[in-house]
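What follows is one structure encoded as structure tokens, with my remarks underneath.
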Amino acid sequence: MIVLAAVMFVCLFIGTVNIFTQAGWEEVGTLLHLRLPRILAAAAVGAALAVCGGVLQGLLRNPLADPFILGISGGGTVGVVVAVAVGFEFAAFGFSTTNVCAFIGALGALTLVLAFAKARAGFSTHIIILTGVVLNAIFSAVILFTMSVMSATDMHQVYQWLMGSLIYARTLGYAQVAAGAAIIAVGSLVLLRFARGLNLFATGEESAVQMGVNVERTKVAVLVLCAVLTGVAVSITGPIGFVGLIVPHILRLIVGPDHRILLPASFFGGAIFLVLADTIARSILPLTGLSLSELPVGVVTAMCGGPFFLWLLRARSRRAIFGN
């Protein structure tokens, strides 16, 4: 927590505007109304994605699982694309159409996953993963088709959303950022209560049942919580990949596979990682001469996560990755 606070404080003063050489009201406004809400949102979103990644990797016993494997991110993106294409314009509690539709789409995707998984095999882990993969493919097709019939202006808006960027966070007020962060904090605390069950899942579902874990109830509760947290994250920033994949694995190598330690470490580690990545995106790697004023943070996380993902694919066994 101390490290996270220190990183957030330092990143507050890093950007294209040099706060130290200019001390006018405009620069104070830059800190309070642009950078601070964005840094708070980055910390919250990074924490949510990393916690969900650690939980899903343990629950599904799949080292390549991340918050987007179930199609939750794809569902949120479909919600945004359809809203833009149809021209929906409304707001709820200060949240824009984009935020609300992304959240609704993410929850809708989870509903489809659970419905198909339950209908076929009683929440089988393999069916859940396969259903998520298929839904992601369907959502991608829907997104591409919808974008093909959009106007150039709408397509540009959707394209920016698809790349994932915290530039949208500065349009939210402190109340909206605080509301999202509160949901993420509470949801993460509730997920921590399932840490013991997740540890037992590593030995197999039959062993977990023998140790007193209600497997199906745990799966549903954890998946719903992960969907809510991912939905909140996607509604704020758009889809940002690799945070939920690489942060839990790095921390698992450092603190071990015990979810009672891994989940809190992932919460703070994910927050630190995304705050740093966003600081790089908005200050060190600006895009000049293009329509974008900065590099999307999703590009930065992908540049970090891509090589790690390839290394992960080359790992010889799940045992080596999970340290069991």
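Looking at this structure, is ALA202 out of contact with any Pro (no Cβ under 8 Å at 6 or more places or on another chain) and surrounded by fewer than 22 Cβ atoms within 10 Å (Cβ to Cβ)? Taking the combined requirement at face value, the residue does not satisfy it.
Hey, any hits in region 78-97 for a residue that's under 27 Å from LEU191 (Cβ atoms), modelled with pLDDT under 85, not in a helix (DSSP H, G or I) and not hydrophobic (A, V, I, L, M, F, W, C)? If you could, list the steps in order and put the result at the bottom.
At the first step, the residues of region 78-97 found to be under 27 Å from LEU191 (Cβ atoms) are 78-80, 92-95.
In the following step, the residues that additionally are modelled with pLDDT under 85 were identified as 80, 92-95.
Narrowing the set further to residues that are not in a helix (DSSP H, G or I) leaves 92-95.
Now restrict to residues that are not hydrophobic (A, V, I, L, M, F, W, C): 94.
Within region 78-97, one or more residues are under 27 Å from LEU191 (Cβ atoms), modelled with pLDDT under 85, not in a helix (DSSP H, G or I) and not hydrophobic (A, V, I, L, M, F, W, C).
Restricting ALA302, ALA277, ALA265 to those that are at pLDDT 80 or above, within 16 Å of CYS11 (Cβ to Cβ), of a type in the set (Gly, Ala, Ser) and under 22 Å from the mean Cα position of the chain (by Cα) reduces the list to ALA277.
Taking region 116-139 on its own, how many of its residues are small (Gly, Ala, Ser), under 22 Å from ASP66 (Cβ atoms) and either touching a Ser or Thr at 6+ places or on another chain (Cβ under 9 Å) or modelled with pLDDT under 85 (or both)?
The initial filter retains those residues of region 116-139 that are small (Gly, Ala, Ser), namely 117, 119, 121-122, 124, 132, 137.
Subset that is under 22 Å from ASP66 (Cβ atoms): 117, 124, 132, 137.
If we keep only those that are either touching a Ser or Thr at 6+ places or on another chain (Cβ under 9 Å) or modelled with pLDDT under 85 (or both) as well, we get 117, 124.
Matching residues across region 116-139 total 2.
Give all pairs with beta carbons closer than 7 Å in which a residue from region 174-186 that is in contact (Cβ under 8 Å) with a residue 12 or more places away in the chain and among the polar types (S, T, N, Q) meets a residue that is surrounded by 15 or more Cβ atoms within 10 Å (Cβ to Cβ) and not in a helix (DSSP H, G or I); count only pairs at least 6 apart in sequence or on separate chains. Here the result reads GLN176/PHE95, each pair linking region 174-186 to a residue that is surrounded by 15 or more Cβ atoms within 10 Å (Cβ to Cβ) and not in a helix (DSSP H, G or I). When LEU229, LEU225, LEU189 are checked against the criterion of being crowded, with 22+ Cβ neighbours inside 10 Å, assigned to a helix (DSSP H, G or I) and not basic (Lys, Arg), a single residue qualifies: LEU229.
For region 192-207, which residues satisfy the criterion of being hydroxyl-bearing (Ser, Thr, Tyr) and part of a loop (DSSP other than H, G, I, E, B)? Once the filter is applied, which keeps residues that are hydroxyl-bearing (Ser, Thr, Tyr) and part of a loop (DSSP other than H, G, I, E, B), region 192-207 yields only THR203. For the residues ARG260, ARG252, the requirement of being surrounded by fewer than 23 Cβ atoms within 10 Å (Cβ to Cβ), more than 22 Å from HIS126 (Cα to Cα) and either more than 14 Å from the chain's Cα centre (by Cα) or in contact (Cβ under 8 Å) with a residue 12 or more places away in the chain (or both) singles out ARG260.
The values are calculated or read from the model by the stated rules, or taken from the named source; none is laboratory data. Computed from a predicted model, the values in this text were never measured in an experiment. No Cβ is skipped: glycine too gets one built from the backbone with ideal geometry, and neighbour counts run over all protein chains shown.
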